[in-house]
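Here the structure is laid out as structure tokens; the discussion comes afterwards.
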Amino acid sequence: MARRKRFSAEFKRQALRRAAEPGMTDALVCEELGVSTRQLRRWKDAVKEHGEQDAFPGHGKARDTEVARLRHELKKVTEERDFLREAARYFAKESK
């Protein structure tokens, strides 16, 4: 089974610009670039639906960075909570 090709967002945008040039057809662009006409159509639909800047967000990197940020924040908050527990125990002993 062949691996699925992955194209960068810039490649997709350039392919769409090339297809929009006068005298160019989708079939010619697809033949030049080695992509299917169906794939080019999906890219066009994505641009129509989300706009050119938001159409191709990537491969989940933003989500991965968000998860990493949240894990870091959780670790920090957990350390703060543990410190406050220890401080509460210390002051509870002092007041007796």
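Coordinate-derived values only; no laboratory data. What you are looking at is a predicted structure, and each value in this text was computed from that prediction instead of being measured. Cβ placement follows ideal geometry from the backbone for every residue including glycine, while neighbour counts extend to all protein chains displayed.
Couple of notes before you dig in:
- With contacts taken as Cα pairs under 8 Å and at least 6 residues apart, region 7-58 reaches a relative contact order of 36 percent.
- Relative contact order %, the chain, counting alpha carbon pairs below 8 Å whose residues are six or more apart: 20 percent
- You can think of it this way: the chain between Ser36 and Leu70 has 8.3 nm of extra reach, that is 0.36 nm per residue less the Cα-Cα gap.
- Chain lengthening between Arg85 and Gln14 when straightened (0.36 nm per residue, less Cα-Cα): 19.8 nm
- Ellipticity at 222 nm from helices only: DSSP H runs of n ≥ 4 in the chain, each -39500 (n - 2.57), divided by the residue count, give -24000 deg cm²/dmol.
- Distance (nanometres) between label positions extended 7 Å along Cα→Cβ at Lys5 and Leu28: 1.9 nm
- Eligible lysines near Lys93 by straight Cα distance, threshold 27 Å, same-chain separation 8 or greater: Lys76
- Per residue convex hull volume, Cα atoms of the chain, in Å³: 138 Å³
- Restricting the chymotrypsin sites (Phe, Trp or Tyr not before Pro) of region 1-77 to loop positions (DSSP other than H, G, I, E, B) with no more than 16 neighbouring Cβ atoms within 10 Å leaves Phe7.
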